[in-house]
Amino acid sequence: MEKILRSREVKELFKAVADIKTPEECRKFMRDLCTIAEIQAMAERWQVAKLLQKGLPYREIAKKTGASTATVTRVAQWLNHGEGGYEILLERLG
């Protein structure tokens, strides 16, 4: 997994994402890059992360977002033991 994340191709993708300037540019890029289902899945995980940060119970988060409890648990795992990506943006966006 780490080898994939450090590949030239993935680094180029991360650089492209980092160069996005506006939410509208991001919308256009994500729509061209991802399927609607992929975008919906990422949006759902983001909503789950925000509610986890607020301390809501897993079942309540699942009910509010429509995410499975397995997804809530997975997001919680990455939020608490990941690389800090969720935390960076949750803090930045307040």
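Below is a table of values for the structure above.
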| quantity | calculated |
| --- | --- |
| Segment 21-94, relative contact order [Cα under 8 Å, separation at least 6], % | 23 percent |
| Isotropically averaged projected area of the chain, using the convex hull of Cα atoms (one quarter of hull area), nm² | 6.9 nm² |
| Partner lysines for LYS21 [C-alpha distance under 30 Å; skip if fewer than 8 residues away on the same chain] | LYS3, LYS11, LYS50, LYS54 |
| Crossing angle, helix 69-81 versus the chain [Cα axis fit, 0-90 degrees, rounded to tens] | 70 degrees |
| LYS64/CYS34 FRET efficiency (R0 22 Å; Cβ-Cβ; nearest 0.05) | 0.40 |
| Which of GLY55, ALA37, PRO23, positive extreme of dipole for the chain (C-beta unit charges) | GLY55 |
| Proximal aspartates and glutamates to LYS28, defined as alpha-carbon separation beneath 16 angstrom and excluding residues fewer than eight positions away on the same chain | ASP19, GLU38 |
| Lys, Arg +1 and Asp, Glu -1 on Cβ, resulting dipole of segment 13-68 about Cα centre, debye, nearest 20 | 240 debye |
| Accessible surface of segment 1-83, 1.4 Å probe, proportion on carbon and sulfur as whole % | 57 percent |
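The values are calculated or read from the model by the stated rules, or taken from the named source; none is laboratory data. As the structure is a prediction and not an experimental result, all values here were calculated from the model. No Cβ is skipped: glycine too gets one built from the backbone with ideal geometry, and neighbour counts run over all protein chains shown. What goes into the accessible areas is simple: the full protein's heavy atoms, side chains included, and nothing from ligands, DNA or RNA. Shrake-Rupley method; radii C 1.70, N 1.55, O 1.52, S 1.80 Å.
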